[in-house]
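Structure first, commentary second.
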Amino acid sequence: MFRLPLLGLAEIAWRWSFGLATAAGLLFSIREYLASLPVTAGEMLLLRTRQPVLILQALARIFQGSAPRATTALVVLMLALSLAWIVLASLGRTATLKTLVEHFHGSRGRVPLTSLLALNSLRAATFLAAIVGVVGAILAARAASPPDDPSPGSVLLIFWMLTMLVGLACLLLNWYLSLAAIFVVNDGASTFEALAAATDLCRSRPGSLVAAVIWFGVAHTGMFVVASSTAALPLGFAAVLPGSMVFGGLLLVTMLYLAAVDFLYVGRLAAYVFMIKPPSVIPSDIQTLRTEN
């Protein structure tokens, strides 16, 4: 993380570029969707009354019958963003992992980009499956509370339990597929060979993997606590500072936090690369740290 800071900057570059593209796509889609809604003179009159009941009535008339168009636009946008993320994540991960592998194990052969595309496609499918799972949790929780015998407590308990299970499964699969990508770059493995190699690493070195996850998780939690505490400063001056300054302060804290998280992720990837096969000759920067300590 500290000896190769350009890796962290590279991770920030491809992640943030996708984030900006996603935000721009969402804003453009919302703008075009709102522009497609017909607004009559009577509805404009109701909106200008500043009466909450009349405004809600006008909004209900404006949005009536527009749900299919919004759903179609959302599906198209999600598919386009998923494809863009698969390609961008494959290229970005190739660049960062190749540098890490060369740093620890020396130069390697050609990286099969198709294998990374397949792994990232599985990651995208996992995320979409998690969304379907959350929808299923909502339907299951709703079925547990019939109209003739409502039970809000049971609905909330079932929903949160199912959502937590879906989220945990999604996180584990995403972590496993991310680990498999290392073997694609390190060994030039195919998709299924990389998955098998990741399984072997989990069986041979479970303690090291758990330790890396825990320690980097602790660091991530510490950064979140620091960022949350720092974000309270501009919020505390919200009554005396302009809204733009408060928003700018929150945005700056958020960006610094996200940048630090990306650097941590690169450090965790470096730990996984080192676990695959510790180099016989320790890199000079690690040897220097050992000597200094």
* Asked: Name the residues of segment 70-88 whose amide N is less than 15 Å from a point 7 angstrom out from the Cα of residue 17 along the C-beta direction?
  -> 84-88
* Asked: Which length gain, in nm to one decimal place, applies between residue 254 and residue 9 when the Cα-Cα distance is subtracted from 0.36 nm times their residue separation?
  -> 86.6 nm
* To do: Could you list the residues of segment 177-219 with an amide nitrogen less than 12 Å from a label point located 7 Å from the Cα of residue 129 in the Cα-to-C-beta direction?
  => 177
* Structure fact -> Beyond 32 Å, the calculated P(r) of the chain holds a percent of Cα-Cα pairs equal to 46 percent
* Structure fact -> Fewest-first ordering of 193, 32, 11, 43 by Cβ atoms within 10 Å yields 32, 193, 43, 11
* Most mobile of 78, 164, 275 per a Gaussian network model of the chain (Cα springs, under 10 Å)? -> 164
* Given R₀ = 51 Å, FRET efficiency for residue 57-residue 110 by Cβ-Cβ distance, to 0.05? -> 0.20
* Across 5 Å bins from the origin, how do the percents of Cα pairs in segment 1-64 run, short distances first? -> 4, 15, 14, 12, 10, 9, 8, 7, 7, 6, 6, 4, 1, 0
* Asked: Say each of residue 200 and residue 37 gets a label point 7 Å from the Cα, pointing the same way as Cα to Cβ; how far apart are those two points in nm?
  -> 5.7 nm
* Just the Cα atoms of segment 1-108, one point each, no solvent: what log10 I(q)/I(0) does Debye give at q = 0.18, 0.23 Å⁻¹? -> -0.93, -1.16
* **Charge dipole (debye, nearest 20) of segment 1-108; +1 at Cβ of Lys and Arg, -1 at Cβ of Asp and Glu** => 100 debye
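All of the numbers you see were taken from the coordinates with simple rules; none came from a lab. Bear in mind the structure is a predicted one, so any value in this text is a computation, not a measurement. Quick reminder, even Gly has a Cβ in these numbers, built from the backbone with ideal geometry, and neighbours come from all protein chains shown.
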